[in-house]
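**Student:** Provided herewith is a single structure, encoded as C-alpha cells, for subsequent inquiry.
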Amino acid sequence: MKKSHFVCKALALSFLFLSLSFSQLYAAGWTEKIKQKTEAAEKKVNSATKKVSEAVDSRITPSESTKNSILTTSEKVEKAKEEITPEQKYYIGRAVAAKIFSGTPRANNNTTIEDYLNKICQALVINSDGLIPYNGFHVALLNSNDLNAVSTPGGHILVSKGLVLAAESEDQLAAVLAHEISHIQLEHSVKSIKSARTVDAFFSVVETSKTIATNGKSDSSSSFSQLTDDLTDTLVSSGYSQSSEFEADSNAVELMAKAGYNPEAMTAMLDVLDKKLGSSNTGWGKTHPSPSTRKKAVKPAVLMYKMKSGDDTSSVRQARFKKAIASIK
C-alpha cells in the first residue's frame, strides 16, 4: 500500500514538472543552475587547455643556447648574402699564400726572375679590362720542382720553379700567368668562398632546427672558419672545376692577344705540360684537367685571337727570357 502510494506520488510530481511553462522554470531557478554548471565546466576546460599549452610551450620555447643558435644562424644567413669586399679578398688571399709558403717555401735569391715574372704579369693586366685586386697583382716563385701554379682572390700568383724552367719562351710563361690572372679576374675562388659561406649558413640552419627539437641540446655545428680552411685546402690540392679551368684558358688567350703575346703559345705550353706531366698526379696533373683536354677546349679562342702576320716580336722576348731563366738558382 505504501509502495503504491509512493509511486502515485512520484507520477504526480513528474506530471507537475512536465506541465510547468518555460517562465515557471526560469522562476524556479533552473536556468541559473544550468548557467552555473556550464561556467564550472568552462573553467575546467580552460584550466586543462592552459596546462596543455604550458606543456607544449615548455618544449618549443627557446632556451638560451637555442636563442644563441638562432641568432648565429640569422647572422650566417645574412653573411652569406653579403658581397666579399676587396679588402677581405686580399686578406683571404694573403692567408692562403701564407699557408702555401708554410708547405712550400718561397725560392730564395731569385729576385731577377721574380721581377721578370711580375713585369709579364703587369703587361697582361695593364691591357686588360678585368678587375684589379685591392693591393694589385704579385707574383712569387716557389722553391719546388713540381709543375704547378696557384692564384688567390687577393691577387697573389705563386709559380713553381719547375714550371718556369719547363717553359720554352716568354709567351709560354705569359700563358701560365694569364691563366692565373684569369682565375682572379673571373673570381673563381671568390665564388668558391661564397659557396662555402652559403653551405655554412645551411648547416647552421639545420643545426638550429636540431637544437629546437632537442630543447637546447645539440651537437656543435661546423664552424665557418673550419669550412674556410677546408676551402683553402681544396683550392690548393684539388683545384677548380673543369669548366672554370676552361674559362680561365679562354680568357687568358684574350689577355695574351691584347698584350701582344702570341695566343698560340697557350697551346704550345699545354703541349709542354702534356709531355712533362705524362700520367703524373702531382702539381698541375692533380689540380687541372689533362693538357690535351684543355688544348681542345681552348682551340676556338686561339683561332679567334690568332696573331696577325707582321705583329710578331718574339725574338726580343726570347732574348730577355733566356737571360731571366739563367738567373734561377
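**Student:** Applying the selection to region 240-277, what residues are among the hydroxyl-bearing types (Ser, Thr, Tyr) and surrounded by fewer than 24 Cβ atoms within 10 Å (Cβ to Cβ)?
**Tutor:** Correct list: Tyr240, Ser241, Ser243, Ser244, Ser250, Thr267.
**Student:** One residue is enough: does region 106-115 have a residue meeting the conditions part of a strand (DSSP E or B) and either open to solvent by 10 Å² or more (accessible area, probe 1.4 Å) or under 27 Å from Lys191 (Cβ atoms) (or both)?
**Tutor:** Checked against the condition, which is being part of a strand (DSSP E or B) and either open to solvent by 10 Å² or more (accessible area, probe 1.4 Å) or under 27 Å from Lys191 (Cβ atoms) (or both), region 106-115 yields at least one hit.
**Student:** Taking region 136-158 as the region of interest, how many residues are open to solvent by less than 10 Å² (accessible area, probe 1.4 Å), within 25 Å of the chain's Cα centre (by Cα) and of a type in the set (Val, Ile, Thr)?
**Tutor:** 2
**Student:** Shifting gears a bit: Only one of these is free of Cβ contacts under 8 Å to residues at least 40 places away in the same chain and within 26 Å of the chain's Cα centre (by Cα): Ile132, Ile184. Name it.
**Tutor:** Ile132
**Student:** Against the conditions (1) closer than 22 Å to Asp249 by Cα; (2) over 24 Å from the mean Cα position of the chain (by Cα), where does Glu114 fall short? Just the number, please.
**Tutor:** Unmet condition: (1).
The values are calculated or read from the model by the stated rules, or taken from the named source; none is laboratory data. Note that this is a predicted model, so its numbers are computed, not measured. Cβ coordinates were reconstructed from backbone atoms using ideal geometry, including for glycine residues, and neighbour counts include every protein chain displayed. Each accessible area value is taken on the protein alone, full model and side chains, heavy atoms only, with ligands, DNA and RNA left out. Shrake-Rupley method; radii C 1.70, N 1.55, O 1.52, S 1.80 Å.
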